[in-house]
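S.K.: The structure that follows is given in the form of structure tokens.
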Amino acid sequence: MDYSTYLKNYPSKDGRFGKFGGAYLPENLVPAMQEINDAYLTICHSSQFINELRRIRREFQGRPTPVYHCERLSQKIGKCQIYLKREDLNHTGAHKLNHCMGEGLLAKFMGKKRIIAETGAGQHGVALATAAAFFGLECTIYMGEVDIAKQAPNVARMKVLGTNVVPVTRGLKTLKEAVDAAFEDYLENYKDTIYCIGSAVGPHPFPMIVRDFQMVVGYEAREQFKDMMGFLPDVVTACVGGGSNSIGMFLPFVNDPVDIVGVEPLGRGEKVGDHAASMTYGSEGVMHGFDSIMLKNDNGEPAPVYSIASGLDYPSVGPEHAFLRELGRVKYDVATDREAVDAFFKLSRYEGIIPALESSHALAYAMRRAKEMGQGSILVNLSGRGDKDLDYVIEKYGFGEDFVDFD
């Protein structure tokens, strides 16, 4: 397939990436989604909007974020060199602000007074709370009770920024249930509210909007790496939950001769309920208004999922990821909890960078792949910083004494 025209062709006008995507909506939400789609397709071709977004990224977010060579970590592994796209240095500490500021601008353009969302690890919640404060909008964030306990620093940040954080106590009390609650809110309040979904999932046009705003990561990384090295990396990788950081990293490389690998959370193992590796163990299904690959129970409903990383424990994946795998352009692999924690401590100890547990999955894969390759280069999207995870990791694993030594 010629990928040079990929972005012009996908998604289709009805929001499809091949057979995946679409918009499966209650009848009363169809006009609301059409309003969002029409507004987005208007402003994304507006030089005024683009220039304002670029100014915000430069002056407020601190973009561009750098590409960094992990020299000491690479030496510990062997001869293959690992590089990081430092999204942990983006304002609020993760890639999430890239689409939240864009969605905030969109809400202002549409005359909305309130923005809502779900959050798992809290990074999307913090980013949207930040956007709400920046644009003068009301903000409500739904968050599972389990994740609230694990991600207390981010909950505090959201509240300091003036956001209403609503605990979700149903089901497993994690990300899937938070999405359910946010959709219920939106059904009741869509006239004055916009739902700023936290990943490249949901009904059309959300996967397209989030993807477009997140591609700044991959465009920057591609140019920076080529300027630094004179050539492109052999492998580009990122963690995949819903898939926003990864789709933004991957697409600018899609027409290049590089391996692209998404890394899912294998958690405690292959048993249902012990992982959230949708692409690896799932099948086609519809949830939260879109068709993609999802983990199912015996009744065909979304299965319970688990990951040490709250931002990855979602039982489906963005429809564009499902399509790219079907095309054979992107491959998907897994990393366990223990591999992620090992990468967490090794990057901290050998490079002075404390990564988010989500990003640690991609780093764990890169470390494993570097040993297999023996030489060459791997570019990892370090999608967030690990401040939010410190209390949880220290409680469960101490200060890394069992992880920092290499075999």
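The values are calculated or read from the model by the stated rules, or taken from the named source; none is laboratory data. In this text the structure is predicted, and so the values were computed from the model without any measurement. All Cβ positions, even for glycine, are placed from backbone atoms using ideal geometry, and neighbour counts span all protein chains on display. Please note that ligands, DNA and RNA were not included when accessible areas were found on the heavy atoms of the full protein model with its side chains. Shrake-Rupley method; radii C 1.70, N 1.55, O 1.52, S 1.80 Å.
S.K.: List residues of the stretch 300-343, by number, whose backbone nitrogen lies under 19 Å from a label position 7 Å along Cα→C-beta of F406.
M.R.: It comes to 339-343, nothing else.
S.K.: Using the heavy atoms of the protein chains alone and a 1.4 angstrom probe, what is the accessible area of the chain per residue in square angstrom? List each step's numbers first, then the result.
M.R.: Numbers: 15580 Å² over 407 residues.
It amounts to 38 Å² per residue over the chain.
S.K.: Given R₀ = 41 Å, what would the calculated FRET efficiency be for D2 paired with T280, taking r from the Cβ atoms and rounding to 0.05? Show your work: numbers first, answer last.
M.R.: Working: r = 28 Å, r/R0 = 0.69.
Efficiency for this residue pair is about 0.90.
S.K.: Now for a different question. Here are a few candidate values for Rg/Rh (Cα atoms, Kirkwood Rh): (1) 0.99; (2) 0.94; (3) 0.96. Which one was actually calculated from the structure I just gave you?
M.R.: (2)
S.K.: Within the stretch 322-407, which GluC sites (Glu not before Pro) sit in a loop by DSSP and count at most 12 neighbouring Cβ atoms inside 10 Å?
M.R.: Numbers: sites: E326, E339, E351, E358, E372, E395, E401; in loops: E401.
Filter output for the stretch 322-407: E401.
S.K.: At a threshold of 8 angstrom on Cα-Cα distance, excluding pairs fewer than six apart, so keeping six or more, what relative contact order does the stretch 10-134 reach in percent? Please list the in-between numbers first.
M.R.: Numbers: 102 pairs, mean separation 21.5, N = 125.
Computed value for the stretch 10-134: 17 percent relative contact order.
S.K.: Please state the charge dipole magnitude for the chain, taken about the Cα centre, from unit charges on C-beta atoms (+1 on K and R, -1 on D and E), reported in debye and rounded to the nearest 20. Present the calculation step by step, with values, prior to reporting the outcome.
M.R.: Numbers: 44 positive and 53 negative charges, 188 e Å.
Result for the chain is approximately 900 debye, rounded to the nearest 20.
S.K.: Moving on. Using the Kirkwood radius over Cα pairs, work out the Stokes-Einstein diffusion coefficient for the stretch 32-102 at 37 °C and 0.692 mPa s, in µm²/s as a whole number.
M.R.: Details: Rh = 14.7 Å.
It diffuses with D of about 224 µm²/s by this estimate.
S.K.: Additional query: Find which of Y365, V201, I354 sits farthest along the positive direction of the dipole of the chain, computed with +1 on the beta-carbon of Lys and Arg, -1 on that of Asp and Glu, about the Cα centre.
M.R.: Result: I354, furthest along the dipole toward the positive end.
S.K.: Just the Cα atoms of the stretch 150-238: what Rg and Dmax do they give in Å?
M.R.: Rg then Dmax for the stretch 150-238, in Å: 18.1, 53.
S.K.: Still on this model: In whole Å, largest first, what are the principal axis extents of the Cα atoms in the stretch 321-373?
M.R.: Taking max minus min along each principal axis of the Cα atoms, the stretch 321-373 gives 39, 23, 18 Å.
S.K.: Are there chymotrypsin sites (Phe, Trp or Tyr not before Pro) in the stretch 300-348 that DSSP marks as loop and that have at most 13 other Cβ atoms within 10 Å, and which are they? Can you show the working numbers first?
M.R.: Working: sites: Y306, F323, Y332, F344, F345; in loops: Y306.
Within the stretch 300-348, no chymotrypsin sites (Phe, Trp or Tyr not before Pro) qualify (loop, at most 13 other Cβ atoms within 10 Å).
S.K.: A follow-up question, please. Dipole magnitude of the stretch 43-155 about its Cα centre, charges +1 at Lys/Arg Cβ and -1 at Asp/Glu Cβ only, in debye to the nearest 20?
M.R.: Details: 16 positive and 10 negative charges, 86 e Å.
So the dipole magnitude of the stretch 43-155 works out to roughly 420 debye.
S.K.: Here is a follow-up. Where nothing but the Cβ of Lys and Arg (+1) and of Asp and Glu (-1) is charged, how large is the charge dipole of the stretch 195-268 around its Cα centre, in debye to the nearest 20? Provide the component values of the computation, followed by the final result.
M.R.: Details: 4 positive and 8 negative charges, 51 e Å.
The calculated dipole for the stretch 195-268 is roughly 240 debye.
S.K.: Then there is this: Nearest 5 is fine: what % of DSSP beta bridges in the chain come out antiparallel, could you say?
M.R.: Values: 15 of 49 bridges.
If I count the DSSP bridges inside the chain, around 30 percent turn out antiparallel.
S.K.: Can you list the chymotrypsin sites (Phe, Trp or Tyr not before Pro) in the stretch 217-274 that are in a DSSP coil and have 14 or fewer other beta carbons within 10 angstrom? Working shown, then result.
M.R.: Details: sites: Y219, F225, F231, F250, F253; in loops: F231.
Listed in order of number, the matching sites are F231.
S.K.: For the chain, what is the relative contact order in percent, using Cα pairs closer than 8 Å and at least 6 residues apart in sequence?
M.R.: Numbers: 888 pairs, mean separation 81.0, N = 407.
Across the chain, relative contact order equals 20 percent.
S.K.: Also, quick follow-up: Take the alpha-carbon centre of the stretch 1-20, take the same for the stretch 268-283, and report the distance between them in whole Å.
M.R.: Their Cα centres are 28 Å away from one another.
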